[in-house]
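Working notes, structure below.
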Amino acid sequence: MLDQQTISVDLLSDEDALDLLRHGDRSQMARFVRHHGVWMLAVSSRILGKRDVAEDAVQNAFVNIFKNFESFKGDSLLKTWMHRIQINEALMLLRKHKRLKEEPIDDLLPEFDTGDCRVADEWTVSPSPESVLQVVQFRETVSGMIDQLPENYRVVLLLRDIEELSTAEVSQMLEISETNVKVRLHRARAALKKLLEPLMGEQTL
Amino acid sequence: MKHGQPSIRRRLHGIMFKLPMMISCREFEDFIVDYLDGELPSSQMRIFNLHLKVCRECRDYLKSYVAARDLAKRALDEDAAQSLVDVPDDLVSAILDARGEGSPS
C-alpha cells in the first residue's frame, strides 16, 4: 500500500482510497474530504444554487459514501460512483426545497408556421464561444440564463449536458421515462438557445 | 411573434416536406436529441439528413442549438473552475464527526 501520509489524495488508486476509507485516521480522512469536497461542492451548488443547502448535500453525500463504500463494486471509477451519490443527494434536497415543480416552457420553444415550417429566430449570427468566453461576466450570465429555465427542465439539462450523465441514468434518478428525459432535454436546450441568442449576437458584433 | 403570409419559398417547403421520405421542420425537432447522441437508426438518419440538406432554417437552427449547448457546458465548467473554493473547516469537521470515528489530528 502507498504511504497515505505523504501521497496526494488525487494520486491514490481507487484501491488505496478504499483502504483509506476503511482504516484512515482523522487527518487522512480530512485530506480526502478536502480534496473531493471541492468538486462535490461545485456539483451540488450547480444543482441547488444556494451555498448553504449545497454544503448540506455534500455532508449527506459523504455520510452516504462512508456508509456504503463497501458496496462499491469497482465497475466504474470511485470518483464516478461518488459523483452519482452527490447528484442524488443534491436532488433529494432540491425536491425538499423546491419540490421540482412542473412549470411550462412554451414561450421559449421554437416556432413554426401553419405549414409546420420553421420560423427562424431573428438572431442568425454564428456564435464564437472562444471570443464570448473571454468575457468573464458572460460566464455568470450564462449561469443566470440556465437558472431562468423552469426547474423540471433546468435539472435535466444540468444532468445530461453539464454532468454528462446518460439518458438512462437521468431517467432513473428523476423517476421519469427516458422519452420524457429526451423531450425535456430538447426543450431545455431549445429554450437556452433562445435565451442565449441576443447575448451571443451582441458579443460577436 | 407575427409571421404574416408565408413566402413562396416557405410554401414550396411546406409542399416538399409532405413528399415521401420528407419530414416537416416540426417533425425534425423530434430527431435532434437522438441525432446528437448518435442514436438515430440509419433509416431515420437518412430522413433527417435529407431535411437538413434542403432546409436552411433547420441547418441554422441546429448549428445555434449545438453552439448554445456547448457554450453552456464550457461556461459552467469554467465558472466552477474559477469559483472553486476550499471546503470550509466547519464542514470538514462536521463530515468527520458524522463518520463517528478517527482521532483528532
* To do: Being over 21 Å from B:A98 (Cα atoms) and surrounded by 14 or more Cβ atoms within 10 Å (Cβ to Cβ) narrows it down to one of A:L108, A:L78, so name that one.
  => A:L108
* To do: Please go through the range B:33-81 and pick out each residue that is within 17 Å of the chain's Cα centre (by Cα) and outside any helix (DSSP H, G or I).
  => B:D37, B:G38, B:E39, B:L40
* Do we find that A:R51 is under 30 Å from A:P198 (Cβ atoms), touching a residue at least 40 places away in the same chain (Cβ under 8 Å), among the basic types (K, R) and within 13 Å of another protein chain (Cβ to nearest Cβ) in this structure? -> no
* Asked: Scanning the range B:20-38 for residues that are surrounded by fewer than 18 Cβ atoms within 10 Å (Cβ to Cβ) and modelled with pLDDT of 95 or more, which turns out farthest from A:V183 (Cα to Cα)?
  -> B:G38
* **Checklist (1) in contact with a Lys or Arg (Cβ under 9 Å, 6 or more places away or on another chain); (2) modelled with pLDDT under 80 applied to A:S131, failing item** => (1)
* Looking at A:I87, is it more than 13 Å from every other protein chain (Cβ to nearest Cβ), closer than 30 Å to A:H23 by Cβ and surrounded by 19 or more Cβ atoms within 10 Å (Cβ to Cβ)? -> yes
* **Filter pass, B:L91 being aliphatic (A, V, I, L, M) and under 19 Å from the mean Cα position of the chain (by Cα)** => no
* the range A:144-165, subset within 9 Å of chain B (Cβ to nearest Cβ) and in contact with a Lys or Arg (Cβ under 8 Å, 6 or more places away or on another chain), residue nearest to B:R74 (Cα to Cα) -> A:I162
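How many residues are facing another protein chain (nearest Cβ under 7 Å) and modelled with pLDDT under 80 when one looks only at the range A:90-113? Spell out the reasoning first.
Just the residues of the range A:90-113 that are facing another protein chain (nearest Cβ under 7 Å), to begin with: A:110-113.
Those left that are additionally modelled with pLDDT under 80: none.
Of the residues in the range A:90-113, 0 are facing another protein chain (nearest Cβ under 7 Å) and modelled with pLDDT under 80.
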* To do: Check off (1) at the interface with chain A (Cβ under 7 Å from one of its Cβ atoms); (2) at pLDDT below 90; (3) under 30 Å from A:P110 (Cα atoms) for B:K73 and give me the number that stays unchecked.
  => (2)
* To do: Say whether the condition of being in a helix (DSSP H, G or I) and in contact with a helix residue (DSSP H, G or I) (Cβ under 6 Å, 6 or more places away or on another chain) is met by at least one residue in the range B:17-24.
  => no
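The values are calculated or read from the model by the stated rules, or taken from the named source; none is laboratory data. These numbers come from a predicted model, not from an experiment. Methodologically, a virtual Cβ is constructed for each residue, glycine included, from the backbone with ideal geometry; neighbour enumeration extends over all protein chains shown.
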